[in-house]
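Participant: This is the structure, below, for whatever I ask next.
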Amino acid sequence: MEFENTSLLAESAGLDVSTEKGHKLNYSSSSSLKSKSTTAKIMSTSSTLKKQEQQRLDTELRSRVKHHHQKEPMSAAERSATKKSLVILAAIFITSLAAMCYVYMICPELNESEKQHMKIPRDIQDAKMLAKVLDRYKDMYYFEVMFGVVVAYIFLQTFAIPGSLFLSILLGFLYRFPIALFLICFCSALGATLCYCLSNLVGRRLIRHFWPKKISEWSKHVEKHRDSLFNYMLFLRMTPILPNWFINLAAPVIGVPLYTFTLGTFCGVAPPSVIAIQAGKTLQKMSSSSDAFSWTSMGVLTMCACLSLVPGLLKNKLKKKIQ
């Protein structure tokens, strides 16, 4: 009897133990599921927050880049200084235009049919007609004709006005090769130097305001070639990477020395000028300005431009070896 009671108690106790274990297992399983669910939620929330933070950073970065490339508004003082600069520039331009008119007035007496062709050529046909007129008077008024073309050339270069290519071709037509080459190099260097001085005097704010991105990019290239800046100027003058008018205006802003700028311009325009002078010898047969540049001449010009960089590259290589 006692054995049976003991057995029943044991069974009852075993049942309670097993039941308690089952409850514990169920609780443990439920807790594990809740923990996994909570972890998944935290990971999902963390991933969402990371995406939102990344989107915010991307948006902020794009906004900063856009703001960097936008033109910064001028202050009242800057606007006043800019207006003053424009007035000075306009006064210099009007004075130079008056000098051009004076040169036209001292020209030899022309008939009515010739007067209409006495203008700065805008295309090859204008250059042809002007060449015919000047060729008639060149022998009798040699220096007057030369002076008139030189003043017009310098005027165009000083104020970054297109048209100097046609005057280069015209000089090649009118004069022998050495004289034409010297005149083109001289006019280009002097006109570019005057443009440099004008930009340095009154154009700094305007240039930084209207071309901030280009100025920043070219400034980096200039700093990269600072030790061989003369060779870099030669390269730029021989290639169309940057337009000449922009080089003339931006050079003082980014710290190109005047001596290097002038000498680099004088020597750098010589190879392209040779092509223009050769074209001038056949001016009356040309139908457009593009006839002046053949694949052969462009190949020679490219070779000259590449060779101009060689001394600078060798200098930098030698400097690295020494260091």
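Participant: Considering segment 132-180 alone, what residues qualify as being touching a Phe, Trp or Tyr at 6+ places or on another chain (Cβ under 8 Å), crowded, with 22+ Cβ neighbours inside 10 Å and within 18 Å of Lys115 (Cα to Cα)?
Facilitator: Residue satisfying the conditions is Leu167 alone.
Participant: Would you please name the residue that is farthest from Pro252 (Cα to Cα), looking only at residues in segment 198-210 that are open to solvent by less than 80 Å² (accessible area, probe 1.4 Å) and of a type outside the set (S, T, N, Q)?
Facilitator: Restricting to residues being open to solvent by less than 80 Å² (accessible area, probe 1.4 Å) and of a type outside the set (S, T, N, Q), the top hit is His209.
Participant: While we're here: What tally of residues in segment 223-240 results from selecting those that are crowded, with 17+ Cβ neighbours inside 10 Å and either among the hydroxyl-bearing types (Ser, Thr, Tyr) or out of contact with any Pro (no Cβ under 7 Å at 6 or more places or on another chain) (or both)?
Facilitator: Going through segment 223-240 one residue at a time, the tally reaches 10.
Participant: Can you tell me which residues in segment 261-307 are in contact (Cβ under 8 Å) with a residue 40 or more places away in the chain, assigned to a loop (DSSP other than H, G, I, E, B) and open to solvent by 30 Å² or more (accessible area, probe 1.4 Å)?
Facilitator: Lys281, Ser287, Ser288, listed by residue number.
Participant: Need the failing condition index for Ala81 against (1) more than 28 Å from the chain's Cα centre (by Cα); (2) open to solvent by less than 50 Å² (accessible area, probe 1.4 Å); (3) at pLDDT below 75, just the number.
Facilitator: All conditions pass for Ala81, except number (1).
Participant: Oh, and also: Tell me, yes or no, whether segment 135-144 has at least one residue that is closer than 30 Å to Val253 by Cβ and at pLDDT below 95.
Facilitator: Taking every residue of segment 135-144 in turn, none turns out to be closer than 30 Å to Val253 by Cβ and at pLDDT below 95.
Participant: Is it fair to say Ile215 is within 26 Å of Ile254 (Cβ to Cβ), open to solvent by less than 70 Å² (accessible area, probe 1.4 Å) and in a helix (DSSP H, G or I)?
Facilitator: Judged against the criteria, Ile215 is a match.
Participant: Sort out which residues of segment 241-260 are crowded, with 18+ Cβ neighbours inside 10 Å and touching a Ser or Thr at 6+ places or on another chain (Cβ under 6 Å), and write them in order of number.
Facilitator: Matches in segment 241-260: Leu249, Pro252.
The values are calculated or read from the model by the stated rules, or taken from the named source; none is laboratory data. All values reported here derive from a predicted model rather than from experimental measurement. For neighbour counting, all protein chains shown are included, and Cβ atoms are generated from backbone atoms with ideal geometry for every residue, glycine included. What goes into the accessible areas is simple: the full protein's heavy atoms, side chains included, and nothing from ligands, DNA or RNA. Shrake-Rupley method; radii C 1.70, N 1.55, O 1.52, S 1.80 Å.
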